[in-house]
Structure formats: structure tokens, C-alpha cells
Amino acid sequence: MNRYLLDTQATVWLLTNNNEFPRNLREELTYAEAMFHVSNLTIVEIVHLQQCNKIDLPIYGKNLLANIARMNIYTVPLADETLVTMSSLPINRKIHSDPFDLATIAT
């Protein structure tokens, strides 16, 4: 079984049924042929983007978490090991200086 860790953009695409999310992955999710995970820090980033009006996602709080669970996407807590890995990642200001991206990479 394939396992995927979704980043923020992919999670938003799934929650909004955006066609930019790859069809083959959507089918794996639909038919439970793969396990999909999302870092709880990704959920923090989604909430932040909503609060800053940077994304149009009308699902908030408990409903956001319920929708993620209903889609059989499992939440991964931010582990101490992830923080240690983050501290060893090189920061490339042009590519990955965003702490949310670094946390996803480290996870």
C-alpha cells in the first residue's frame, strides 16, 4: 500500500474538490488503495491562511478536522524527531524558507 504525506496545497485541493489534485491519487484515496496523511502543522497553516484571507476554504475548526477525517486522511503529530530534522535542513530562501514547508519536508 502506498503512503502519502500531503502538503498544504494538496490538502486544500482535496477539501475543495479542485481538479488540480492528480486524478490517480484521488482514485487511490477514493478506493482506499493508499494511506494519506497530513501533518497537524499543515492544519495550522490552513487555519492561518484562512484567517489572512489567502485561501477561500469555508470549512473551519471542528468541521475542517471532521472533513479531513471523513476523507480517511490521517493526522500526523509534529514529533520531536521532526523538529530535530528541521534544524538540520539547509534553508534555501528561494525554495524552502517557509517553516511549514520545512516541517513537511522533515516529516
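The values are calculated or read from the model by the stated rules, or taken from the named source; none is laboratory data. What you are looking at is a predicted structure, and each value in this text was computed from that prediction instead of being measured. Backbone-built Cβ (ideal geometry, glycine too); neighbour counts: all protein chains shown. The accessibility values were calculated without ligands, DNA or RNA, using every heavy atom of the protein model including side chains. Shrake-Rupley method; radii C 1.70, N 1.55, O 1.52, S 1.80 Å.
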To the nearest 0.05, the calculated FRET efficiency linking Tyr31 and Gln9 through their beta-carbon distance, R0 being 25 Å, is 0.65
Summing -39500 (n - 2.57) over every DSSP H run of at least 4 in the chain, dividing by its residue total and rounding to the nearest 500, the 222 nm mean residue ellipticity is -14500 deg cm²/dmol
In Å², rounded to a whole number, the accessible area per residue of the chain with probe 1.4 Å is 67
Treating only Lys and Arg (+1) and Asp and Glu (-1) as charged, each at its beta carbon, one finds that the chain has a dipole about its Cα centre, in Debye to the nearest 20, of 160
Heavy-atom accessible area of the chain with neighbours in place, 1.4 angstrom probe: carbon+sulfur share in percent works out to 52
The helix 61-70 Cα axis meets the longest alpha-carbon principal axis of the chain at an angle in degrees, between 0 and 90 and rounded to 10, of 70
Charge dipole of the chain built from unit charges on the beta carbon (Lys, Arg +1; Asp, Glu -1), centred at mean Cα; most positive-end Cα among Asn63, Ser39, Leu83 is Asn63
Neighbours of Phe21 by Cβ distance under 13 Å: Lys/Arg at +1, Asp/Glu at -1, summed charge -2
Given (1) 34; (2) 27; (3) 16 as possible values of percent of Cα pairs over 22 Å apart, the one from the coordinates is (1)
The chain: antiparallel bridges as % of DSSP beta bridges, rounded to 5, reads 10
